[in-house]
Structures are given as structure tokens and as C-alpha cells.
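Asker: Once you've had a glance at the structure underneath, I'll fire off some questions.
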Amino acid sequence: MREGEKAMQAKIIPKVYPMPLGVSPAPAGKVYHPRQLALFTNTPDPIPIGIHWEPNEGEEMIIDEGISIVKNKNSSQLLISGSGTSIEKSTDQMIVSKKGKIIYAFPLHHLSEVIISSTGVLVSSELIADLCQRGIRLSLLGTMGRPLAMISSPLLTAISATRREQIMAFGDQRGVEVSKIVLSAKLYNQKKLLLLFHKKIKDSLRAENVHELAQSIEAIRGKVKKITAERIDAVRAVLIELEQEAERMYWEAIRKIIDQKFEFLGQVNQQATESIRLMLNYGRGLLYSQVWGAALQAGLEPFAGFLHVGQPGSISLVLDLAEEFVQPVVDLPILSQVSLAEIRRLQNGWLDSETRKSISQKILDRLESTQFYEEREYQIRSIIQIQSRHLASFLRGEGRYKPFRFRWLDASRSK
């Protein structure tokens, strides 16, 4: 099949239905497909359309309303939403049905992750088992992209020694060291992102304010590095207070950056800050899903973090590990590429489906981009996995844990 024909088919995917019972041969210009009868009712059912092609690298292919594939170099994510949709396994395919009618079939070997982002989607237990055996993650996201659940095989790695040491680290200096490292990395990336955008602000007074806020965050980072304690419980409150102080400064600077970008829009500018905050929160949820999977594969307990200890059920270690990646993976691409159309598509305080798909693509692109790390180039997705394994090794006493530092100079040259 030629490239042009393949691209056309990827954009226009017909629904194929069986030949009606009792119908004579098809008239000229019309083709009937072999019929498929329901087992109990003996009535025609739709024949599933096999989705054997994939979008081009870096693109999203919308299969149907609420069903799309995001493709990058080494992975394909299937995004599913919409009440009345169900997914199940048939041989080596994942079958998608809507309101009881089978519609699409996706080859499982093409997928790296299945993400369900709405209520009302039914999943068969047989499919769940097969996804686990293949190492394909099944993630369930809430309305704002926050991970609600992730299903993967418990046999992917030996976890007992790592988790035992992880719990014991609450009572010694390892918990303090990890908390200081991840918070220091977060503050470093916040400062670097603000300095990157500060160079693009034309209003000199506003640019100076952003620069001052960035330097104030760096000063807080200096305070974090000086903190010492025998166990994390003794200093967690102090670290959280410093984090919150820096967070206020960061969002004050972000508002000034947003004002610079959209100040010519009049009343639209008033909702720009809130819209972008929703986008950033949704993007963080997608990042948390990736970090959660990496933590599980490293044998770590996602709910036993050191710094962000919240309510029972909080994925506190995921929040800790994600701190090194929030600014380069989420904030940078969204703040750099946000469009007026996305700002205006905010519906009753919620992001619409098109904006959520756009954010998903931005985050996936960033995860698939490369960074120089440990003397070679890695995709950021791989760096997240490596950092999780490094943390597990550190907790077991098998090495040091160093934060990931994004190459912000490269980011400034590429924008």
C-alpha cells in the first residue's frame, strides 16, 4: 500500500456491517461483507475493523469518539474514554465494543500501555491477565488525569528486599537524604524553567520580577541542602514548609509569564491562568502514571514515600520520584506550546477532550525525547525507570542516589 493511501485510511476509518439477512446480491457500486450472527439472537452483528496500521511517529490517530492511539518511536498508547465502551481479549487482539456492538480490534503486540480516562468503561478479566503477562500497563485516570489505579504483574521483579529496606529507611538518614535530593531537584528545575522564560519577557519590570523569584527559589534550595536529621519525621514539616514557600513563588512567576503571553486577549486573559493550571495538573497526572509504573518495576512500594506523606492511599513515593521530572516533562512543553484555542476550550471549569488529547501528546513527546544521562543519550521515559532502580539500589545499600538534572541549555536552544 502506498504511503498516501495508508495515510488516508488512517484518517478515515469506516464501520463495516454484515450483509443483511435475506438480501439479494449487492447492487452495482456496493459491496457487502460476510455476515456475522450473534450467538443467541441469530441477528447480524458488526464485524470488528482490524486496526493494523499505526499513526506516524509523534502523531495521534483518532479511531473513534473517545478512542485514539498516540504513537512514538518505541511505544503506542491506546487512550479510551466514554461511557458504554467495553474492551476484551480475542486471541492476540484487544476488542473494543460500544453499547454492545463489536467495532474495533487492536493487535496487542503493538501496545505498550492502555489508558482509561473516564467512567463507564468495562474491562474483561481475561484481557487484564493477558496485559499483565505481556508487560502492558493498564492505567485508570481520574477526571483531571490523576492516576486512580494501575494494574501490572507482581511477578515482574523481586520486591521483598527492596520494600523491606524502603520501610526501614523511615527510621534512619536514608529517608532524610532522599527527601532532600528530590526537593532540591524540584527547586533547581523550577528556577531553571523560570530563567528560561524570563529571557522571552519583553516587559523589563515583569522580567526582573520573574528573575528575582527564580533567585529566591534558589535561596530556598540552599536552605534545604543545609538541613540535617537522623530520621525524616524530625524534619519533614520543615521541608514541606520550604517547598510550599517556593511553590508560591513559582506560581507567582508563572502568572507573570502567562500574562506576558496572553495579555492582548482582554477578558480571555482572565481565564488563561486557571486554564493553564488545569492543563499542568492534568499533565502531572500523566507523568505520575509513568513514574508509578517505573516504581513498581523497580520493586518499590508506590504508597510509602518519604517527603509527601499525605492521606492513606496517597501515592506518596510516586510524588517524591516525580519531582525531578515535573518541570522538564510537563510544565515546559505545556507553557511553551499552549494555544489560544486551548484556553478558550475550557468548559465549565473542565478541560475538553481535544485539550486532554493535546496534552497527552505533548507529554508523550517529551517522555520520548532524549537527554544526556550517565554518559550517553536516553529517552526521558527510560531515565525515569533508571532513577527508580537507582533509588531501590540506594535503599538496599548498593549505591548512591543522585538527582536527574535536565539540560536546560538544550531546551533554550530548541525553543
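The values are calculated or read from the model by the stated rules, or taken from the named source; none is laboratory data. Model, not experiment: these values are computed from the prediction. All Cβ positions, glycine included, derive from the backbone under ideal geometry; neighbour counts span all protein chains shown.
Asker: If you check residue 286 against the conditions, is it touching a strand residue (DSSP E or B) at 6+ places or on another chain (Cβ under 9 Å) and closer than 30 Å to residue 402 by Cα? Walk me through how you get there before you give the answer.
Answerer: On the way: touching a strand residue (DSSP E or B) at 6+ places or on another chain (Cβ under 9 Å): yes; closer than 30 Å to residue 402 by Cα: yes.
For residue 286, the condition - touching a strand residue (DSSP E or B) at 6+ places or on another chain (Cβ under 9 Å) and closer than 30 Å to residue 402 by Cα - is met.
Asker: Name the single residue, out of those in region 137-163 being crowded, with 18+ Cβ neighbours inside 10 Å and farther than 26 Å from residue 283 by Cα, that is modelled with the highest pLDDT.
Answerer: 162
Asker: Hey, among 237, 207, 214, which residue is at pLDDT 95 or above, assigned to a helix (DSSP H, G or I) and either assigned by TED's automatic domain parsing to the domain that holds residue 129 or in contact with a helix residue (DSSP H, G or I) (Cβ under 9 Å, 6 or more places away or on another chain) (or both)? Even if it seems obvious, please write down each step before you answer.
Answerer: Values: 237 fails: either assigned by TED's automatic domain parsing to the domain that holds residue 129 or in contact with a helix residue (DSSP H, G or I) (Cβ under 9 Å, 6 or more places away or on another chain) (or both); 207 fails: at pLDDT 95 or above.
It is 214.
One line per residue, one yes/no per condition, for (1) at pLDDT 85 or above; (2) touching a Phe, Trp or Tyr at 6+ places or on another chain (Cβ under 8 Å); (3) assigned to a helix (DSSP H, G or I):
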{"site": "329", "(1), (2), (3)": "yes, no, yes"}
{"site": "334", "(1), (2), (3)": "yes, no, yes"}
{"site": "341", "(1), (2), (3)": "no, no, yes"}
{"site": "360", "(1), (2), (3)": "yes, no, yes"}
{"site": "363", "(1), (2), (3)": "yes, no, yes"}
{"site": "383", "(1), (2), (3)": "yes, yes, yes"}
{"site": "413", "(1), (2), (3)": "no, no, yes"}
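Asker: In this structure, is residue 196 modelled with pLDDT of 95 or more, in a helix (DSSP H, G or I), of a type in the set (A, V, I, L, M) and surrounded by 17 or more Cβ atoms within 10 Å (Cβ to Cβ)? It would help to see each step written out before you state the result.
Answerer: Details: modelled with pLDDT of 95 or more: no; in a helix (DSSP H, G or I): yes; of a type in the set (A, V, I, L, M): yes; surrounded by 17 or more Cβ atoms within 10 Å (Cβ to Cβ): yes.
No: the conditions fail for residue 196.
Asker: Also, I was wondering about something else. Checking residue 297 against (1) modelled with pLDDT of 80 or more; (2) under 25 Å from residue 164 (Cβ atoms), only one condition comes out false. Which one?
Answerer: (1)
Asker: Which members of region 114-136 meet the condition of being buried (at least 19 other Cβ atoms within 10 Å of the Cβ) and either of a type in the set (Phe, Trp, Tyr) or modelled with pLDDT under 80 (or both)?
Answerer: Within region 114-136, 117 is the sole residue that qualifies.
Asker: Test each condition in (1) buried (at least 20 other Cβ atoms within 10 Å of the Cβ); (2) under 23 Å from the mean Cα position of the chain (by Cα) for residue 217 and report the one that comes out false.
Answerer: Failed condition: (2).
Asker: Another one. If residue 88 satisfies all but one of (1) under 23 Å from residue 361 (Cα atoms); (2) assigned to a strand (DSSP E or B), what's the number of the condition it fails?
Answerer: For residue 88, the failing item is (1).
Asker: What are the pairs, 6+ residues apart or on separate chains, where a residue within region 250-264 that is outside the structural domain of residue 336 (by TED's automatic domain parsing) and more than 11 Å from residue 210 (Cβ to Cβ) has its Cβ under 6 Å from a residue that is of a type in the set (Lys, Arg) and modelled with pLDDT of 75 or more?
Answerer: Cβ pairs passing all conditions: none.
Asker: Being touching a strand residue (DSSP E or B) at 6+ places or on another chain (Cβ under 8 Å) and crowded, with 22+ Cβ neighbours inside 10 Å, is that true of even one residue in region 312-325? Steps first, please.
Answerer: Going through region 312-325, the residues touching a strand residue (DSSP E or B) at 6+ places or on another chain (Cβ under 8 Å) turn out to be 315, 318.
After this cut, where a residue has to be crowded, with 22+ Cβ neighbours inside 10 Å as well, the list is 315, 318.
Looking for residues that are touching a strand residue (DSSP E or B) at 6+ places or on another chain (Cβ under 8 Å) and crowded, with 22+ Cβ neighbours inside 10 Å, one finds at least one in region 312-325, hence yes.
Asker: Additional query: Could you go through region 304-319 and let me know if any residue there is in contact with a Leu (Cβ under 6 Å, 6 or more places away or on another chain) and either within 15 Å of residue 383 (Cβ to Cβ) or of a type in the set (Lys, Arg) (or both).
Answerer: No: zero hits.
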